[in-house]
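Remarks on the structure that follows.
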Amino acid sequence: MTSAVVTGQVLRAVGGFYRIALADDTIVEARLSGRLRPGGAKDQQGPVLAGDQVILEHSSAMWLITDVMPRNTELRRPPIANVDLCVVVQSVRAPTPNMDMIDRILIQASHAGLDTMLCISKADLGDEESIAALLRPYEIAGYPHVITSAISGLGIDELARALKGRISTLAGASGVGKSRLLNAVCPDFNRAVGEISKRAVRGRHTTRQVELLKLPFGGWIADTPGFSTLSFGDMTLRELPATYPDFTRYAAQCRFASCLHRGEPGCAVQHAVEEGRIDSGRYQRYLRFAEEVEELEARRY
Ligand SMILES: Nc1nc2c(ncn2[C@@H]2O[C@H](COP(=O)(O)OP(=O)(O)O)[C@@H](O)[C@H]2O)c(=O)[nH]1
Ligand SMILES: [Mg+2]
Ligand SMILES: [Zn+2]
């Protein structure tokens, strides 16, 4: 039998089996060719992630992945390749806004080179004023945002437009309405809504897998078990302020090129905070995150 060589997109990677969409939309199951099988146990996720573009070979009634194309972006927790956009979802209430978490996700997504966007969900539960107050710090920072309600349909078209033609992921606390938003964007997704996370019960190695869902208007949504660790991983203190679009706008005017905006003299970022051009809540959280990153860094050496 002759072997055909084709390209495909990995939708799901589970225990050495890969579900792949070929260019003609056929879905196939594939395994890794011997060449790609990991030698050591260092890389727990293996060499192929959901989101990867791969080269496949069909031989002896089996699909084998023979190569992985270079990645645009790479997240490790959750493990997905080539995500373009991270939509951080936060409900107006139920659950109560968690700015610490919003900022942590924005930082990590930006650090990984993803575009970011804020999605206020459950707008039907809040008045205009509380929505505006929640958005303000991020508006000032310049993040794109959309206000949605999966119940009234508000903002769903706008969200869909932002997702169109790209690989995106929805991130945010459990219960903010991610699954219901996915269903609002595409009813065929049929995601379970209101499901309590089983992660804590099932343990770390059996968490639900990342899965890419095809958007009917073009593009993919990565449904993930969540941004499980919100710790800063291998980020360095120096890299942290660069993930703040509201800081980088002013940082060039700091007296010291090496300024970390933590009380150094002539700090233009701190000055902007004092003048209300940077949200002081974001800045206070930055100072805490900087301490955390510093501690992680010290432990690494
Ligand atoms: N009022 C209101 N409730 C919502 C909305 N979206 C989701 N919910 C409810 O919030 C709960 C959690 O939703 P779900 O989509 O499972 O959240 P996830 O954990 O982020 O995936 C469910 O009870 C949903 O019915 C919304 O736009 N408005
Ligand atoms: Mg969900
Ligand atoms: Zn500074």
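Bear in mind these aren't lab numbers, they're just calculated from the coordinates by the rules spelled out. Quick caveat: nothing in here was measured; it's all calculated off a predicted structure.
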Using each residue's phi in the stretch 121-134, evaluate 6.51 cos²θ - 1.76 cosθ + 1.60 at θ = phi - 60° and report the 3J(HN,Hα) Karplus result to the nearest Hz, with x for Gly and Pro.
10, 6, 4, 5, 9, x, 8, 3, 5, 5, 5, 5, 5, 5
With θ set to phi - 60°, apply the Karplus curve 6.51 cos²θ - 1.76 cosθ + 1.60 along the stretch 91-99 and write out the HN-Hα couplings as whole Hz, x wherever there is a Gly or Pro.
6, 4, 7, 6, x, 4, x, 10, 5
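Any chance you could count the Lys pairs in the stretch 75-223 whose alpha carbons are under 18 Å apart, treating pairs 8 or more apart or on different chains as valid?
Eligible lysine pairs with Cα atoms under 18 Å apart amount to 5.
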Projected area, mean over directions - the chain, Cα convex hull, nm²
17.9
For a test of the definition: using alpha carbon positions, the gyration tensor, and the 1.5 limit on a/c, classify the stretch 4-70 as rounded, prolate or oblate.
prolate
Throw me the Rg/Rh for the stretch 1-160, computed over C-alpha atoms with Kirkwood Rh, two decimals.
1.11
Within the chain, helix-based [θ] at 222 nm, where runs of 4 or more DSSP H residues each add -39,500 (n - 2.57), nearest 500:
-8000 deg cm²/dmol
